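A.B. asks: Got a structure here, written out as structure tokens. Questions coming.
The values are calculated or read from the model by the stated rules, or taken from the named source; none is laboratory data. All values reported here derive from a predicted model rather than from experimental measurement. Here Cβ is always computed from backbone atoms with ideal geometry, including for glycine, and neighbour counts include all displayed protein chains. Accessible surface areas use protein heavy atoms only, side chains included; no ligands, DNA or RNA. Shrake-Rupley method; radii C 1.70, N 1.55, O 1.52, S 1.80 Å.
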Amino acid sequence: MTRHLQPSRLDLLALAHEGAPLFETTLLQNMKRLAQEAQGLQSDSSVQWQARAELRPRADGDDELWLHLQAKAAIPLTCQRCMGIVITPVEVNQWYRFVANEDIAMAEDDQSEEDLLVMEPQFDLLAVLEDELLMALPLVPMHDECPVAPVMRAGQADIAGELTEKPNPFAVLEQLKKNK
């Protein structure tokens, strides 16, 4: 990999002029925020991703820089039913259009359908990749069918399979109120 194609300090114009996509594998443990969400992360857990930059002509004669980011990962998360580990496939397939500064991005953001990013001399593609993977995580990760039956806590089932209710902690207060 050449010096201008380092993902954490990427020269997007050089990538666009080169014309070839950048293929990489990044360990999940190197993505600190994503690693915090993961449970039971293996040392070889990784994200396969590719990025391709291109220049598209505009009506005014200038070229616009676009970036296409694709990624796939299998991230171990906590199942919200059984509290075991569920391997969750996550995919990213996103296009970005680059603008000169933050003011232009804010002005065009409401009208544009694509995601806008501000052009930087050394673009941190790995930070954007991590952001996209975090946003792609499910709100409530769970198995389709849990390997272990979930443990019931609030109203426990008795041997016959019927729910028994816990005593109401306010029942004593209710009795005091009736006695007065």
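A.B. asks: List every residue pair whose Cβ atoms lie under 7 Å apart, where the two residues are 6 or more positions apart in sequence or sit on different chains, the first residue falls within the range 93-116 and is in a helix (DSSP H, G or I), and the second residue, located anywhere, is hydrophobic (A, V, I, L, M, F, W, C).
C.D. replies: Glu102/Val118; Ala105/Val99; Ala105/Leu116; Ala105/Val118; Glu108/Val99; Glu108/Leu116; Asp109/Leu116
A.B. asks: Just to verify a result, which residue in the range 119-146, among those that are of a type in the set (Asp, Glu) and assigned to a loop (DSSP other than H, G, I, E, B), is farthest from Pro76 (Cα to Cα)?
C.D. replies: Glu120
A.B. asks: Please state which of the following conditions Glu132 fails to meet, knowing it meets all the rest: (1) modelled with pLDDT of 95 or more; (2) more than 15 Å from Glu37 (Cβ to Cβ).
C.D. replies: Failed condition: (2).
A.B. asks: List every residue pair whose Cβ atoms sit under 6 Å apart, with the two residues 6 or more apart in sequence or on different chains, where the first one lies in the range 55-68 and is within 11 Å of Arg97 (Cβ to Cβ) and the second, anywhere, is in a loop (DSSP other than H, G, I, E, B) and open to solvent by 70 Å² or more (accessible area, probe 1.4 Å).
C.D. replies: Glu64/Arg58
A.B. asks: Next question. Restricting attention to the range 68-83, which residues are open to solvent by less than 30 Å² (accessible area, probe 1.4 Å) and not in a strand (DSSP E or B)?
C.D. replies: Cys79
A.B. asks: Next up: Output the residues belonging to the range 86-101 that are buried (at least 17 other Cβ atoms within 10 Å of the Cβ) and over 17 Å from the mean Cα position of the chain (by Cα).
C.D. replies: Listed by number, the residues that qualify are Arg97, Phe98, Val99.
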